[in-house]
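Asker: Questions regarding the structure given below will be posed in turn.
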Amino acid sequence: MWPWGHFGVAYILYSLYSRGRFRRPPRPGPALAVAIGSQFPDLIDKPLAWWLGVLPSGRSLAHSLLFAAGLIVVVYAIGFALDRVETATAFVIAHLSHLVADLSPRVVLGYPFGSEFLFWPFLPYQEFGYAERVFEPPAVVELLVTPFTDPLTFFVFEFALFGLALGLWYADGCPGIQYVRSRQ
């Protein structure tokens, strides 16, 4: 998924969480935490894999559940220490939504390939799409997920998510924009 798609998924989820839990739209601090948390795995893995060659893939270390477990402990420890638990929760929701959004559509239908990165380093890195090419899914699975694996369809779907998130952010009162304006 592209950055705008990750942000779209994360903001929609957090806004719904905030409205359900607190009966109000997100506050500015948590909204900014969502923006950062939704990109966090890629901000770590992509440079370390693509530029420095330290990781085997752009979906490995920060995309793994092992890393997520440690990160959640650290983020909440900081959140409790600074009395920013709501902001910590926003970051965690955004980070976890990134991991889920990166899953292959086949995983949702019970076909396991495309989720190996979640278990890195316990499962070896597979070239993206390798398992799907080697182990062909049943025809019914392929029929159901093909619309979501077409690059153009997926690209349009991500922009629709982003547009929906921007509309929701606007309806929420543009939380976080005051931080940007105060820096100018």
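Quick grid of which residues meet (1) within 15 Å of LEU161 (Cβ to Cβ); (2) touching a helix residue (DSSP H, G or I) at 6+ places or on another chain (Cβ under 8 Å):
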site	(1), (2)
MET1	yes, yes
HIS6	yes, yes
SER15	yes, yes
ARG19	no, no
PRO26	no, yes
PRO30	no, yes
GLY37	no, yes
PRO41	no, yes
ASP45	no, yes
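Here is a yes/no grid of residues against (1) of a type in the set (Lys, Arg); (2) outside any helix (DSSP H, G or I):
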| residue | (1), (2) |
| --- | --- |
| ALA10 | no, no |
| LEU16 | no, no |
| ARG21 | yes, no |
| PRO26 | no, yes |
| GLY29 | no, no |
| VAL34 | no, no |
| PRO41 | no, no |
| ASP45 | no, no |
| GLY58 | no, yes |
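Asker: Also: So which residues in the stretch 43-75 are over 18 Å from the mean Cα position of the chain (by Cα) and among the aromatic types (Phe, Trp, Tyr)?
Answerer: Of everything in the stretch 43-75, those that are over 18 Å from the mean Cα position of the chain (by Cα) and among the aromatic types (Phe, Trp, Tyr) turn out to be TRP50, TRP51.
Asker: Okay, next question. Just name the residue that is surrounded by the most Cβ atoms within 10 Å (Cβ to Cβ) out of those in the stretch 37-57 that are polar (S, T, N, Q) and within 26 Å of SER182 (Cα to Cα). It would help to see each step written out before you state the result.
Answerer: So in the stretch 37-57, the residues polar (S, T, N, Q) come out as 38-39, 57.
Pick out the ones that are also within 26 Å of SER182 (Cα to Cα) and you get 38-39.
Details: SER38: 30, GLN39: 18.
Across the stretch 37-57, the extreme among qualifying residues is SER38.
Asker: I'm checking my understanding of the structure. Among residues of the stretch 125-184 that are aromatic (Phe, Trp, Tyr), at pLDDT below 65 and assigned to a helix (DSSP H, G or I), which one is farthest from the chain's Cα centre (by Cα)?
Answerer: The qualifying residue farthest from the chain's Cα centre (by Cα) is TYR130.
Asker: Identify, from the list VAL9, VAL34, VAL108, VAL73, the residue that is surrounded by fewer than 16 Cβ atoms within 10 Å (Cβ to Cβ), of a type in the set (A, V, I, L, M, F, W, C) and modelled with pLDDT of 95 or more. Don't jump to the end; show me each part of the working.
Answerer: Working: VAL9 fails: surrounded by fewer than 16 Cβ atoms within 10 Å (Cβ to Cβ); VAL34 fails: surrounded by fewer than 16 Cβ atoms within 10 Å (Cβ to Cβ); VAL108 fails: modelled with pLDDT of 95 or more.
Among VAL9, VAL34, VAL108, VAL73, only VAL73 is surrounded by fewer than 16 Cβ atoms within 10 Å (Cβ to Cβ), of a type in the set (A, V, I, L, M, F, W, C) and modelled with pLDDT of 95 or more.
Asker: Do the conditions hold for PRO25, that is, is it touching a Lys or Arg at 6+ places or on another chain (Cβ under 7 Å), surrounded by fewer than 19 Cβ atoms within 10 Å (Cβ to Cβ) and on the phi < 0 side of the Ramachandran plot? Step through it out loud before you land on a result.
Answerer: Values: touching a Lys or Arg at 6+ places or on another chain (Cβ under 7 Å): yes; surrounded by fewer than 19 Cβ atoms within 10 Å (Cβ to Cβ): yes; on the phi < 0 side of the Ramachandran plot: yes.
When the stated conditions are applied, PRO25 passes them.
The values are calculated or read from the model by the stated rules, or taken from the named source; none is laboratory data. Quick caveat, the model's predicted, so the values are computed rather than measured. No Cβ is skipped: glycine too gets one built from the backbone with ideal geometry, and neighbour counts run over all protein chains shown.
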